[in-house]
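Encoded as structure tokens, the structure appears first; notes follow it.
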Amino acid sequence: MRFGYADDGYARLGLSGNPFVADRDRAVEPDLWLDRAGVPEPPAAGLGLLVQLVGPKGAGKTSHLLRWREAAPGPYHYVAPGRQRWAMPPVAPLVYWDEVDRLAAPVRRIVFGRAARMRATVVAGTHEDLTAPARHAGLGVVTHHFPGLTPAVLRAWCDLRIAAVTLPGTSSVLDLNDALLAAVCAEVGPSLREAAFLLHHHVAERARAAGEMG
């Protein structure tokens, strides 16, 4: 979001706006993509396998899942909270299920069983490790955990965001120092969403101060 009092401040920082505005889409633009989970290429279809991306809200599970789906298409199912927990996800040779830990346990047993019988490859975003129910149903399991952010990873991500909103023909003077990035990492764990929230407010304050100086 742009603030009237800060517009000049962003320009004084060499920016067209705040680099850390929340993404409207869960997919990430290619020029903003940062592979921070060490996740390899998308798995092949028909392996009888659950490939689970495990991490807290905002860690990047959905972004990785959707990026894989672009490279290796398959049906996608998002498990919304509430009654949608009882909706039956599709099963196909390669299928993508998001927020699978929300599924009602009876539904999860049924679809895991179907996937095992069909030897499907299920790529799942989840907050909880689903190894036990998947193996009980007959699926193999590959797990990718999202690690906590490090200052180096966060700086690389910030650099992409700042470059995307740097005014043409200028260089941004926004400097995010090591101490700030370390403090953000310590507070947010693996969550880029929470990091963006904190950094958004930091940059907004910097822009306000720069605008007032003018």
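Within region 122-133, residues that are over 21 Å from Ala45 (Cα atoms) have Cβ atoms under 8 Å from residues that are of a type in the set (D, E, K, R) in these pairs: His127/Lys57; His127/Glu99; His127/Asp101; Glu128/Asp101, counting only partners at least 6 apart in sequence or on another chain.
Determine whether region 52-71 contains at least one residue that is more than 26 Å from Arg193 (Cα to Cα) and of a type outside the set (Phe, Trp, Tyr).
Taking every residue of region 52-71 in turn, none turns out to be more than 26 Å from Arg193 (Cα to Cα) and of a type outside the set (Phe, Trp, Tyr).
Could you list, in sequence order, all residues of region 161-198 that are open to solvent by less than 50 Å² (accessible area, probe 1.4 Å) and either among the hydroxyl-bearing types (Ser, Thr, Tyr) or within 16 Å of the chain's Cα centre (by Cα) (or both)? Within region 161-198, Arg161, Thr166, Ser172, Cys185, Val188, Gly189, Pro190, Ser191, Leu192, Ala195, Ala196 meet the criteria.
Of the residues making up region 128-153, those that are among the aliphatic types (A, V, I, L, M) and modelled with pLDDT under 90 are Leu149, Ala152, Val153.
Exactly one residue out of Ala45, Ala80, Ala27 is in a loop (DSSP other than H, G, I, E, B), in contact with an Asp or Glu (Cβ under 9 Å, 6 or more places away or on another chain) and modelled with pLDDT of 90 or more: that is Ala80. Might you let me know whether region 114-127 holds any residue that is at pLDDT below 95 and open to solvent by 10 Å² or more (accessible area, probe 1.4 Å)? Yes; the residues of region 114-127 include at least one that is at pLDDT below 95 and open to solvent by 10 Å² or more (accessible area, probe 1.4 Å).
May I ask you to verify whether Thr131 is closer than 19 Å to Leu53 by Cα, among the β-branched types (Val, Ile, Thr) and open to solvent by 20 Å² or more (accessible area, probe 1.4 Å)?
yes
Looking only at residues of region 69-112 that are over 24 Å from the mean Cα position of the chain (by Cα) and open to solvent by less than 10 Å² (accessible area, probe 1.4 Å), we find that the one that is farthest from Gly48 (Cα to Cα) is Val107. Look through region 139-152, keep the residues that are within 17 Å of Cys185 (Cα to Cα) and open to solvent by less than 50 Å² (accessible area, probe 1.4 Å), and return whichever of them is nearest to the chain's Cα centre (by Cα). Out of the qualifying residues, it is Phe146.
The values are calculated or read from the model by the stated rules, or taken from the named source; none is laboratory data. Note that the structure is predicted; figures quoted are calculated from it, not measured. Cβ: placed from backbone, ideal geometry, glycine included. Neighbour counts: every protein chain shown. Just the protein is used for accessible areas: all its heavy atoms, side chains included, with ligands, DNA and RNA removed. Shrake-Rupley method; radii C 1.70, N 1.55, O 1.52, S 1.80 Å.
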